[in-house]
Amino acid sequence: MSDNDINSAILRRPVNIGLLGLGTVGGGTAEVLQRNSEEISRRAGRAIKIVAASVRDLNKKRSPVLKNVQLTLDSEEIVDNPDIDIVLELIGGTEDACKLVLRAIENGKHVVTANKALIALHGNEIFSAAQRKGVTVAFESAVAGGIPIIKAIREGLAGNKIQWLAGIINGTGNFILTEMRDKGRDFADVLSEAQALGYAEADPTFDVEGIDAAHKLTILASIAFGVPLQFEKVYTEGISTIEKVDVEYAGELGYRIKHLGIARRNENGLELRVHPTLIPHRRLIANVDGVMNAVLIRADAVGPTLYYGPGAGAEPTASAVVADLVDVVRALTSDPENRVPHLAFQPDAIQDIPVLAIDEVETAFYLRMQVQDQAGVLADITSIFADQGISIEAIVQKEEQDETGCVPLVMLSHKVVESSMAVAIEKIESLATVSGKIVKIRLETLG
Ligand code: NAP
Ligand code: HSE
């Protein structure tokens, strides 16, 4: 047989896949690969076959589509198997996942992963190893579930200078906020449903406290601005502190509260932040509800673009995993130097832009405080704001008195540097006519 015959025989054989993990995403991926196998291989140019998968429990009931798949408790068997071309890392967590992915790369295998924590924390090391070995590590499903946001930024917007992006990038959190707002449901009850539906992380505090969104924002910022992955520099707040009353007052003022990840480049550096945010209700992104995610990107040539779709769940995530698989299969025979770079920019063109501390970030604010309903209170408060150069956009005093005779005062500020707002809040909280802590939520017009 000539070299050409051998090469074409290799190209005719199916691409062999080894799965690490057969849970929500692994199971969904197996289903989609089986159901759409013909269309997928017409796109990829090769048949794709799952040959082995690792799990924690061999006795768990699995889908019938896995009947010919060899199951093992030993993930190393998969990454060391010479017959496997591509490893799908779908076990989650960072420690074992990182070791297994690095070992698969060392063995010359391409990797597809849905693991945002892994990429956000260890991506710099993983991509360097992959580059050295000439293999690809694909991670579309790690951000915003089924939305092809990595491809859109990395390839579709390659001609642009990206100015900022803002996204609802945690499906569980958005599902909880929507159900609480629309149906008055209890936080814990909705979280249990999100877990049953396979939306939540193994540790759901990652969803609720904004850590999962911070992982995803780390990845988006890196590919949008050509900076290293730097999860430790993301300012992170979750949704657990949002109160129903603020959702109502924000609504009365024409805003929705959403949990946003925001990355913005300005003349002083890069903002990387994840927190609840008031958004004008007329913005499309303010109306993204349930498990749906959306990412709004402002870039210099195209202007604003919005990407919308399911942010979690078995088959939406599998859609992105399989898209990565098809990309990797198509590129199997291509020169590694000519593939799309992992982080969108060529590895030697990644730049360190300073990341701003949250104190240095400029935003508008929603504030709610309990104040005595008496003359002069408002004057004291507004004079503190004036001293800090803070301009007020709206003030609403509500009528509901609490047991101490205080009433809620709700204010919207214009944009101000966070450190000035912190000083003003401290001074206002120390006034005898103000009771308790001030609730502060950042506000973005996203115009
Ligand atoms: P999951 O349902 O908990 O599934 C995890 C799978 O991995 C299970 O099959 C489990 O085995 C197996 N596993 C866990 N640790 C293992 C180990 N040390 N060795 C071998 N197998 C192991 O999790 P998932 O929701 O599919 O999430 C997987 C990954 O996708 C995570 O990184 C997650 O962040 C990411 N992701 C999830 C979604 C989503 O909507 N769920 C969306 C995007 C990204 P058993 O079945 O035997 O327990
Ligand atoms: N737990 C994540 C979410 C899964 O709810 O968004 C998708 O990444």
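In this calculation the C-beta distance from Val407 to Ser383 is compared with R0 = 25 Å, giving a FRET efficiency of 0.80. Considering only beta bridges that DSSP places wholly inside the chain, some 70 percent are antiparallel.
Projecting the Cα atoms of Leu260, Ala194, Ser41 onto the charge dipole of the chain (Cβ charges, centred on the Cα centre) puts Ser41 farthest toward the positive pole. Which lysines does Lys67 reach when only Cα atoms under 24 Å apart count, and residues fewer than 8 places away in its own chain are ignored? Counting by Cα, and skipping residues close in sequence, Lys67 has these lysines nearby: Lys49.
Roughly what percent of Cα-Cα pairs across the chain reach past 38 Å? Here the tail beyond 38 Å accounts for 30 percent of pairs. Its relative contact order, with pairs defined as Cα atoms under 8 Å and 6+ residues apart, puts segment 294-432 at 21 percent. Length available on full extension from Asp352 to Thr241: 0.36 nm per residue minus the Cα-Cα distance, which gives 36.7 nm. Heavy-atom accessible area for Tyr199, with the other protein chains in place and a 1.4 Å probe, reaches approximately 50 Å². Run the 1.4 Å probe and let me know the accessible area of His110, rounded to the nearest 10 Å². Surface open to solvent at His110 totals about 20 Å².
Label positions at Thr333 and Leu306, each projected 7 Å from the Cα along the C-beta direction, are separated by 4.3 nm. One decimal place: the segment Asn287-Val396 gains 36.8 nm when fully extended, by the rule 0.36 nm per residue minus the C-alpha distance. The calculated 222 nm mean residue ellipticity attributable to helices in the chain amounts to -11000 deg cm²/dmol, summing -39500 (n - 2.57) over DSSP H runs of n ≥ 4 and dividing by all residues.
For Phe175, Phe231, give me the order by solvent-accessible area with a 1.4 Å probe, most accessible first, ignoring ligands, DNA and RNA.
Phe231, Phe175
Within the accessible area of the chain, the carbon and sulfur atoms contribute 48%, probe 1.4 Å, all protein chains present. Per residue, the average separation of C-alpha pairs within less than 8 Å and at least 6 apart gives the chain a relative contact order of 16 percent. Taking 0.36 nm per residue of separation and subtracting the Cα-Cα distance, full extension of the segment from Asn36 to Ala202 would add 56.9 nm. Within the assembled protein chains, the solvent-accessible surface assigned to Glu179 is about 20 Å², based on a 1.4 Å probe.
Quick one: of Lys216/Lys440; Lys61/Lys116; Lys258/Lys437; Lys99/Lys258; Lys161/Lys183, which pairs are farther than 31 Å apart, Cα to Cα? The pairs that break the limit, which is 31 Å between Cα atoms, are Lys99/Lys258; Lys161/Lys183.
Pick out the long, greasy-scoring helices in the chain: whole DSSP H runs spanning 18 Å or more along their own axis by Cα, mean Kyte-Doolittle at least 1.0. Counting only whole DSSP H runs, the qualifying helices are 211-225. Considering only Cα atoms, the convex hull volume of segment 358-443 works out to 83 Å³ per residue. Label sites at His414 and Lys60, each approximated as a point 7 angstrom past Cα along Cα to Cβ, lie 5.6 nm apart.
Here segment 163-310 has an Rg and Dmax of 15.0, 45 Å, counting Cα atoms alone. Its Cα centre serving as origin, segment 6-109 has a Cβ charge dipole (Lys and Arg +1, Asp and Glu -1) of approximately 520 debye. For the chain, what is the accessible area per residue in Å² when the probe is 1.4 Å? I get 44 Å² per residue for the chain. Take the Cα of Arg132, step 7 Å toward its Cβ, do the same at Glu232, and the gap between the two points is 2.1 nm.
The values are calculated or read from the model by the stated rules, or taken from the named source; none is laboratory data. What you see is a predicted model; the values in this text were computed from it and never measured. Note that we place each Cβ from the backbone using ideal geometry, even for glycine, and neighbour counts take in every protein chain shown. For the accessible areas, the whole protein counts, side chains as well, though only heavy atoms, and no ligand, DNA or RNA atoms are used. Shrake-Rupley method; radii C 1.70, N 1.55, O 1.52, S 1.80 Å.
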